[in-house]
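Right, one structure below, let's go through it.
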Amino acid sequence: MLKAIRFLVFIIILSFLASLLADSPGEVSMEWLGYKVDTSVAILIFVTVLFGMILTFLYNMWINLKKAPNRLFKIRRDWRRERGYKALTQGMVAVAAGDAQEARRLAKKAEDLLAEPPLTMLLSAQAAQLSGDDEAAGKFFKRMSERKDTKYLGIHGMLNQAIETGDKGVALELAEKAHDLKPKTDNVSRTLFELQVQSGSWSDADGTTRKAIKNKNIDDKIGRRRRAVIAYQLSLEASMSGKMSEALNLAKRANNLVDGFIPATMQMARLLQAAGKRRKAASVIEEMWVTNPHPQLAEVMEELSSGAGVQEKMRTIEQLASYNKDHIESHLAIAKAALKAQMWLEAREHLNASILPQKTNPSARICRYMAELEEGEKHDIDASRGWLKKAAMAEPDNAWNCNQCGQVTAEWEPICKHCQGFDTLDWRTPPRITRINPNDNQRSKQNEDIVDLESNEGG
């Protein structure tokens, strides 16, 4: 539009000048180097304009010739870039498809065509990993970690390699570097935390958890649970080192961070007992029993009465049970103490009370207690053996179960010894494992052979 307006204005000016010259043609006389030229004004203007146009044309030609190499270079560069990005895209597709050979070929092609190392190095590293060449992949990740724009990608790649090879020391160091670069990234924060707890760096793990809460990587509830578990573990370590005051403070922190944390309550009670605060220790157990009765809490309460007679221990357990008297664990705690005190009537009363509320058959623990009662009170070996048989067929007793690998353990620990999972142990009934007698398989095979033989004879 602007060019059209300019052209129109130019035509108007020329028309005006042409009409002006037509009305007043005039003459011009010039002398130069002994030559005299007489001409009209119109011709002079025409020659001047023509000369200017020739000069402009030559100038433009010179500029175009001067720019030609750069233009040719740009055309070639754009062509190489287009082919390079095409190879890069196809290489990514090959990686996704699992074609290691094609991925490495296209990675080399992209690297030759593109002057952009970040993209080509990443593809080359992925292609090397896909083909099982971890050494080559490591070199690419190392090169990437030395560049500012790809530092995080390189460190993250080396971190994954270290985790896969089981080099937890190197992995922890790389995870710390990655976390410094990307502290708000959930995956990095989680990986760093897991490596810290697996290496026993509990204080560092607590710091990482605090940052994760601050950065909204985890919600406050999960964060408090993590910190409670860490405080519990630090309390254990402090008590083993003889730092009893520090251990007690850490146990209190763990107990206050979350409700119903049975191991922390047990640890706190034992430390209070060690500090000579027996009544305070008992109150801690009693407070937990109100909402979360647990057989191991009853065991700790029994520990607090060490040195006392069986009847005094019985009264202690009865007092504990009074805080949640109708719960099955209260009945079983009293029954267990009564069996030790040989108070058969009380034991039978509470065992019967624990059986009646159950809609299914008695648990294995109840059956064992009944077997002990029959043998102890009546010396009835047959009745005792009958209950023991029921115990063998009954549902397993509650225990600490790993919710990741299913491992069963008697005591709660922050890390599963089998799968290394953090805070994965829950108090619940473990799955029943049916043991198969090898003789059963043999008998089954014999029966199948008999059936086949009969079928053949009938045919």
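Coordinate-derived values only; no laboratory data. Remember, it's a predicted structure, so these values are computed and weren't measured experimentally. Neighbour counts are summed over all protein chains in view; Cβ atoms, including those assigned to glycine, are modelled from backbone coordinates with ideal geometry.
Determine, for Phe193, Phe422, Phe57, the number of other Cβ atoms within 10 Å of each Cβ, and report the residues in order from fewest to most.
Values: Phe193 26, Phe422 18, Phe57 10.
Ranking Phe193, Phe422, Phe57 by Cβ neighbours within 10 Å, fewest first, gives Phe57, Phe422, Phe193.
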How many nm is it between the label spots at Lys182 and Ser283, if each spot is 7 Å from the Cα in line with the beta carbon?
-> 5.1
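Can you tally the net charge around Pro183? Count Lys and Arg as +1, Asp and Glu as -1, for every other residue whose Cβ sits under 10 Å from the Cβ of Pro183. Intermediate values should be presented prior to the final figure.
Details: positive: Lys182, Lys184, Lys211, Lys214; negative: Asp180.
So the surrounding residues net to +3.
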Could you list Leu304, Leu195 in order of exposure, starting from the residue whose Cβ has the fewest other Cβ atoms within 10 Å?
-> Leu304, Leu195
Using a Förster distance of 25 Å, how high is the FRET efficiency between Ser306 and Ala410, based on the Cβ-Cβ distance and rounded to 0.05?
-> 0.80
Which of Lys148/Lys182; Lys277/Lys417; Lys148/Lys177; Lys243/Lys280 have a Cα-Cα distance over 23 Å?
-> Lys277/Lys417
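In whole percent, what relative contact order does the range 181-244 give with Cα contacts below 8 Å and a gap of six or more residues? Mind dumping the intermediate values first?
Working: 41 pairs, mean separation 19.3, N = 64.
30 percent.
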Under a plain spin-label model, where a point goes 7 Å from the Cα along Cα-to-Cβ, how far apart in nm are Asp380 and Ala275?
-> 5.0
Using 0.36 nm per residue of separation minus the Cα-Cα distance, give me the extension gain between Lys325 and Glu146 in nm, one decimal.
-> 57.8 nm
Separation between the Met240 and Asp426 pseudo-spin-labels, each 7 Å from Cα along Cα→Cβ, expressed in nm?
-> 2.8
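Before anything else, pin down the relative contact order of the range 349-428: Cα pairs under 8 Å, at least 6 apart, normalised by residue count, whole percent.
Values: 105 pairs, mean separation 17.8, N = 80.
It comes to 22 percent, rounded to a whole number.
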